[in-house]
Amino acid sequence: MLTLEGLDVWRGPSQVLRGIDLQVRAGEIVALLGTNGAGKTSTLLTISGQLRPRAGRSTLEIDGRRHDLAKLDPAAIVGLGVAHCPEGRQVFGGMTVLENLRLGAYLRDAAGVPADLEAMFGLFPILAERRSGLAGQLSGGEQMMLAIARALMSRPRLLLLDEPSLGLAPQLVEQIFTTIEEIRANGTTVLLVEQNAALALELADRAYVLESGAVHLEGQASSLAADPRVREAYLGLGPTAVEAVL
Amino acid sequence: MSGGYVLQQLINGMILGSLYAMIAVGFSMIYGIVRLINFAHGDILMVGAFTALALLTVLGLPLWSVILSVLTLCAILAMAIDLVAFRPQRSAPQVNGFITSLGVAILMQNLGVLLLTGQPRPFNLPPWVKGNLDVLGARMTVLDLMIVILTVVVMAGLVLFVRRSRLGMAMRATAENPLAASLMGIRVNRAIATAFALGGALAGLAGMLWAGRAGQIDPLMGFLPGLKAFVAAVIGGVGSLPGAVLGGFVLGFAEVLFVGLLPPLYGAYRDAFVFGLLILILLVMPNGLLGRSQEERA
Amino acid sequence: MSVERHHLAWALLALAAVAITAYGEAYLSGYGRTVLGFAGIYAILAVSLSFSNGLTGLFSLGHPAFMMVGGYIAAILTFPVSRKGFMLPDLPAWLATAELSLLPATLAGGLTAALVAVVVGFPVLRLRGHYLAVATLGLIIVLRVVVNNADGLTRGALGLNGIPRLTNLWWILLWLAITLLVCWRLKHSSVGRSLMAIRENEMAAACMGVARARSKLVAFALGAFFAGVAGALWAHLLTNLTPNSFDLALAFMLVVMVVIGGSGSLTGAIIAAVAIMLLREFLRPLEQTMNAYGLVQIIIAVLLIGTLLLRPQGFFGSAEPRWLRLGKTVREPEGSAAADPRHRRATAPADN
Ligand SMILES: Nc1ncnc2c1ncn2[C@@H]1O[C@H](COP(=O)(O)OP(=O)(O)OP(=O)(O)O)[C@@H](O)[C@H]1O
Ligand SMILES: [Mg+2]
């Protein structure tokens, strides 16, 4: 569904992505891991059209048609069915929860919106309770749910999630990850950026590890979880028992 | 000091306040969405006034079509200024934006002087607009009544537009958080252009009405009202639309009462009073009457 | 480059300035000396404005207001006692009988301007960016209204004429040297450097707290002092003052000089001041013969907007040319240029 080939991206005077190759197939959950400053957020921003690549291609294939994302503006990319739930939640703090959700459906015609609102309230009951409260007055976890729900309101085919677990209590992280699984079950493909590598590798089908703006490792989530380099650097674990014996 | 005199002063304050509100609202809206203090906002008044003069005297158009043309032309002008001067600098520090706007203001004023000379010209609306009305013994012209009614109608329309319409929602979202707005599929530059267009249209209309009351216009006529609209916006809380309206009326009343109720000797100090008031407000309540803290951006 | 070479560069520049001044005093016509004098006064203004804007990180438009204060105070002090009685009847006795020479009058003018700056700056400097710009613009208007209406003290709209022509090019050169020296030293002092480094970062600023607020106020008041001095020199060069002598157009002209020179760059400010001043003097006759009033301002406004669009850091960034840096005190902190958001769109800062 999404193919990045040889992507070079610059921010100001510095190059932040160096020849990124990455693929996301329809129906997958793909995790994007890496240390702080590795370029995960920049990758997502490039996909959603906020950053422009200097070289390389970023192609979206939807219903058998290919779209060159580097040539489209951010609104058109949203229109194709790519929703980006940004790092740090970024809800509209001075607007109500309901208004935030409606803005998520900004590009859709109004017909299906009420039904989808109800669906979101089913997924996150707390949002229903707070629907006419200001988003800025929600707790961090509630804002995260609002941010995810807002992204889902566009009925995305591909959901880009940037660190949904950031700053949340473990049970809530658990709950959010369960929700991501549900989202995939409903037919949305997910590209997930995470610091919590252990959980992400458990949830994802495949994963990429970025380092200094380049793809360092890639593979099936399960085999990456067993890779000693990943275990040491990202999972904070020693080598597996078998390797220790060898 | 009779009751009639006080009533007359109150009416005058309301008229002046309406004009300030109409200018300040656009000013505040532009600040709210791009954090730009737009010094050139006032000079759109001048363009509105000269456009009206040309359409009325040269083409002899009826008043309603003159109003529509002024609104349209000034909206387009404001959007063009945004496109050429401000949009390329969106990611630059805020201070660059307002220095640019100062440059645009000087440019517009001096283009006016170059093309139209600095001499004031008489500006006359059709005679019926100048007719007198009697309100409980106080006097106001049809034009004055028009100013007040237009302000109320326009402000109500604006509030409805910003709160209810799709584009209005997009403008509010952009003001809150441009990145998130863009991720929702909002075309941020279009939302900003809309704010400039609305602000420009209102400033142009205010310019025409202002000129109608003053009876003469010149290329520098817009600068002082523009600055005073900034004061009004600060009083109300910069970035807040209801605040701008409230601030406009507060300033209008304060200014008229200052001149009207104090001995005539002080009348000449009117402009000094307005800016003294600005410094006082900044000292005691920098967020204005209705503003949120201006130190943070959502 | 060695420290001696830097000293040599400074010595040569100083010598050149002295030579120009001596030549101007000896050979130039009255008009020529006035133009040269104005170039110097503009340089004082641009340097002090660039200094205070650069260090406060805020943009003041208030120099004309401070010039008005300095100019009127100094002119009243030097005005012949014999004419004060009927021209300025409302002066208190101690002023009506005073007739000072230029230096004390200039100092008094500068100090009063600094005092006004403290009163206005105290509330406004704590706020962000644009408030200072509008408040100082308001100050120009307030002072103009006051001067216009205080007939007995200032002759109101008639203006003061017949001020003794006490300013000569030597005085201007002396004050330019003092301005440059003081601003240069402070800019490169440890306080100055820390203010420059964090001027756009209000979070860091908040951590610095009160000390920073006070340094900002001092920088602002010092800028106003030199503006007051420049106003005094101006009054005694031109020999007349009106409430409209120091107007918005002047504020704008100074902004252009500072922006084109590079906000915070003192050498940039001098070069830009002299260049724009000369440009204006050359174009002015053209404006008159073509009957195209406004043309000069239009050209300058376009220059300003063009600079901001194409080279927003100005032509000298916030630093000084390398060949004028003395010893270790004048090294720019290496990180400052990159951290300065003004450089965000720059490919390579001009100063290194
Ligand atoms: N606005 C910006 N301007 C310039 N460079 C930036 C900007 N934002 C980030 N960078 C740089 O881009 C590089 C990649 O940043 P990015 O945000 O993509 O990393 P990340 O992998 O998402 O890190 P984190 O886990 O901390 O979120 C970093 O070196 C960072 O310094
Ligand atoms: Mg990130």
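Please verify whether residue B:265 is buried (at least 18 other Cβ atoms within 10 Å of the Cβ) and either acidic (Asp, Glu) or within 13 Å of chain C (Cβ to nearest Cβ) (or both), treating the condition exactly as stated.
No, not satisfied.
Touching a residue at least 12 places away in the same chain (Cβ under 8 Å), open to solvent by less than 50 Å² (accessible area, probe 1.4 Å), touching a His at 6+ places or on another chain (Cβ under 8 Å) and away from ligand 1 (no atom under 16 Å from the Cβ): is that true of residue A:103 in this structure?
No, not satisfied.
Consider residue C:40 against the criteria (1) touching a residue at least 60 places away in the same chain (Cβ under 8 Å); (2) at negative phi; (3) within 14 Å of chain B (Cβ to nearest Cβ): it satisfies all of them except one. Which criterion is unmet?
(3)
Matching residues to (1) away from ligand 1 (no atom under 16 Å from the Cβ); (2) open to solvent by 40 Å² or more (accessible area, probe 1.4 Å); (3) in a helix (DSSP H, G or I); (4) modelled with pLDDT under 95:
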position	(1), (2), (3), (4)
A:89	no, yes, no, yes
A:93	yes, no, no, yes
A:107	yes, yes, no, yes
A:113	yes, no, yes, yes
A:122	yes, yes, yes, yes
A:174	yes, yes, yes, yes
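Quick one: in segment A:136-149, which of the residues that are within 12 Å of chain B (Cβ to nearest Cβ) and touching a Lys or Arg at 6+ places or on another chain (Cβ under 9 Å) is farthest from ligand 1 (Cβ to nearest atom)?
Within segment A:136-149, the match that is farthest from ligand 1 (Cβ to nearest atom) is A:146.
Filter segment C:307-324 down to residues that are at pLDDT 75 or above and among the aliphatic types (A, V, I, L, M) and give me whichever is least open to solvent (accessible area, probe 1.4 Å).
Top of the filtered list is C:308.
On the given criteria, is residue A:131 open to solvent by 30 Å² or more (accessible area, probe 1.4 Å), in a loop (DSSP other than H, G, I, E, B) and within 16 Å of ligand 2 (Cβ to nearest atom)?
Taking the combined requirement at face value, the residue does not satisfy it.
Could you grab me the full set of residues in segment B:242-259 that are in contact with a helix residue (DSSP H, G or I) (Cβ under 7 Å, 6 or more places away or on another chain) and surrounded by fewer than 24 Cβ atoms within 10 Å (Cβ to Cβ)?
B:246, B:249, B:250, B:252, B:253, B:254, B:255, B:256, B:257, B:258, B:259
Can you confirm whether residue A:154 is buried (at least 18 other Cβ atoms within 10 Å of the Cβ) and assigned to a loop (DSSP other than H, G, I, E, B)?
yes
Could you check segment A:176-192 and list, in sequence order, the residues that are at pLDDT 95 or above and either at positive phi or within 16 Å of ligand 1 (Cβ to nearest atom) (or both)?
Matches in segment A:176-192: A:191, A:192.
Which one is farthest from ligand 1 (Cβ to nearest atom) among residues in segment A:11-42 that are part of a strand (DSSP E or B) and of a type in the set (D, E, K, R)?
The qualifying residue farthest from ligand 1 (Cβ to nearest atom) is A:21.
Among the listed residues B:153, B:162, identify the single one that is part of a helix (DSSP H, G or I), open to solvent by less than 40 Å² (accessible area, probe 1.4 Å) and out of contact with any Phe, Trp or Tyr (no Cβ under 6 Å at 6 or more places or on another chain).
None of the other options fit; the residue is B:162.
Out of curiosity, is residue A:74 open to solvent by less than 50 Å² (accessible area, probe 1.4 Å), within 16 Å of ligand 2 (Cβ to nearest atom) and within 24 Å of residue B:173 (Cα to Cα)?
Working: open to solvent by less than 50 Å² (accessible area, probe 1.4 Å): yes; within 16 Å of ligand 2 (Cβ to nearest atom): no; within 24 Å of residue B:173 (Cα to Cα): yes.
It is false that residue A:74 is open to solvent by less than 50 Å² (accessible area, probe 1.4 Å), within 16 Å of ligand 2 (Cβ to nearest atom) and within 24 Å of residue B:173 (Cα to Cα).
Kindly list, by first and then second residue, each pair from a residue in segment C:78-98 that is part of a loop (DSSP other than H, G, I, E, B) to a residue that is modelled with pLDDT under 85 and not charged (D, E, K, R), limited to pairs with Cβ atoms under 6 Å and residues at least 6 apart or on different chains.
C:89/C:152; C:90/C:152
If you take the residues in segment A:1-18 that are of a type in the set (S, T, N, Q) and free of Cβ contacts under 8 Å to residues at least 60 places away in the same chain, which one is farthest from ligand 2 (Cβ to nearest atom)? Can you show your working first?
First, the residues of segment A:1-18 that are of a type in the set (S, T, N, Q): A:3, A:14-15.
Right, trim to free of Cβ contacts under 8 Å to residues at least 60 places away in the same chain and you get A:3, A:14.
On the way: A:3: 22, A:14: 15 Å.
Residue satisfying both the conditions and the ranking: A:3.
Can you tell me which residue is farthest from ligand 1 (Cβ to nearest atom) among those in segment A:43-70 that are assigned to a helix (DSSP H, G or I) and open to solvent by less than 10 Å² (accessible area, probe 1.4 Å)?
Start the filter on segment A:43-70 by keeping residues that are assigned to a helix (DSSP H, G or I), which leaves A:43-47, A:69-70.
Among the residues that remain, those that are also open to solvent by less than 10 Å² (accessible area, probe 1.4 Å) are: A:43-44, A:46-47, A:69.
Working: A:43: 7, A:44: 8, A:46: 9, A:47: 12, A:69: 17 Å.
Checking each candidate, the answer is A:69.
Please give the number of the condition residue A:21 fails out of (1) touching a Leu at 6+ places or on another chain (Cβ under 8 Å); (2) more than 11 Å from ligand 2 (Cβ to nearest atom); (3) under 18 Å from residue A:164 (Cβ atoms); (4) open to solvent by 10 Å² or more (accessible area, probe 1.4 Å).
For residue A:21, the exception is condition (3).
This table checks each residue for (1) within 30 Å of residue A:235 (Cβ to Cβ); (2) more than 16 Å from ligand 2 (Cβ to nearest atom); (3) away from chain B (no Cβ under 14 Å).
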| position | (1), (2), (3) |
| --- | --- |
| A:55 | no, yes, yes |
| A:58 | yes, yes, yes |
| A:63 | no, yes, yes |
| A:67 | no, yes, yes |
| A:84 | yes, no, no |
| A:87 | yes, no, no |
| A:103 | no, yes, no |
| A:111 | no, yes, yes |
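Does residue A:161 satisfy the condition of being within 16 Å of ligand 2 (Cβ to nearest atom), open to solvent by less than 10 Å² (accessible area, probe 1.4 Å) and under 24 Å from residue A:128 (Cα atoms)?
yes
Can you pull out the residues in segment A:176-214 that are away from ligand 2 (no atom under 16 Å from the Cβ), open to solvent by 40 Å² or more (accessible area, probe 1.4 Å) and outside any loop (DSSP other than H, G, I, E, B)?
A:178, A:181, A:182, A:184, A:185, A:198, A:202, listed by residue number.
Going by what's in this entry, would residue C:152 be described as at pLDDT 90 or above and under 20 Å from residue C:243 (Cβ atoms)? Reasoning before the result, please.
Details: at pLDDT 90 or above: no; under 20 Å from residue C:243 (Cβ atoms): yes.
Judged against the criteria, residue C:152 is not a match.
Out of (1) over 23 Å from residue B:244 (Cβ atoms); (2) modelled with pLDDT under 90; (3) part of a helix (DSSP H, G or I), what's the single condition that is false for residue B:92?
(3)
Would you confirm whether any residue within segment C:81-102 is within 20 Å of residue B:272 (Cα to Cα) and open to solvent by 30 Å² or more (accessible area, probe 1.4 Å)?
Checked against the condition, which is being within 20 Å of residue B:272 (Cα to Cα) and open to solvent by 30 Å² or more (accessible area, probe 1.4 Å), segment C:81-102 yields no hits at all.
Just a yes or no: is a residue in segment B:177-184 more than 29 Å from residue A:160 (Cα to Cα) and either away from chain A (no Cβ under 14 Å) or free of Cβ contacts under 8 Å to residues at least 40 places away in the same chain (or both)?
Looking only at segment B:177-184, we keep the residues that are more than 29 Å from residue A:160 (Cα to Cα), and these are none.
Within segment B:177-184, none of the residues are more than 29 Å from residue A:160 (Cα to Cα) and either away from chain A (no Cβ under 14 Å) or free of Cβ contacts under 8 Å to residues at least 40 places away in the same chain (or both).
Does segment B:227-238 hold any residues that are part of a helix (DSSP H, G or I) and either open to solvent by less than 10 Å² (accessible area, probe 1.4 Å) or within 9 Å of chain C (Cβ to nearest Cβ) (or both), and which are they?
B:227, B:229, B:230, B:231, B:232, B:233, B:234, B:235, B:236
Would segment B:125-145 turn up any residue that is within 14 Å of chain C (Cβ to nearest Cβ) and open to solvent by 60 Å² or more (accessible area, probe 1.4 Å)?
There is no residue in segment B:125-145 that is within 14 Å of chain C (Cβ to nearest Cβ) and open to solvent by 60 Å² or more (accessible area, probe 1.4 Å).
What are the pairs with Cβ atoms under 6 angstrom where one residue, in segment B:116-138, is over 17 Å from residue B:58 (Cβ atoms) and the other, located anywhere, is aliphatic (A, V, I, L, M)? Sequence gap at least six, or different chains.
If the second residue must be aliphatic (A, V, I, L, M), the pairs left are B:129/B:142; B:129/B:143; B:131/B:142; B:133/B:140; B:138/B:7; B:138/B:11.
The values are calculated or read from the model by the stated rules, or taken from the named source; none is laboratory data. Keep in mind the model is a prediction, meaning the values are calculated, not measured. Here the Cβ is made from the backbone with ideal geometry for all residues, glycine too, and neighbour counts use every protein chain on show. The protein model used for the area step is the full one, side chains on, heavy atoms only, and it has no ligands, DNA or RNA in it. Shrake-Rupley method; radii C 1.70, N 1.55, O 1.52, S 1.80 Å.
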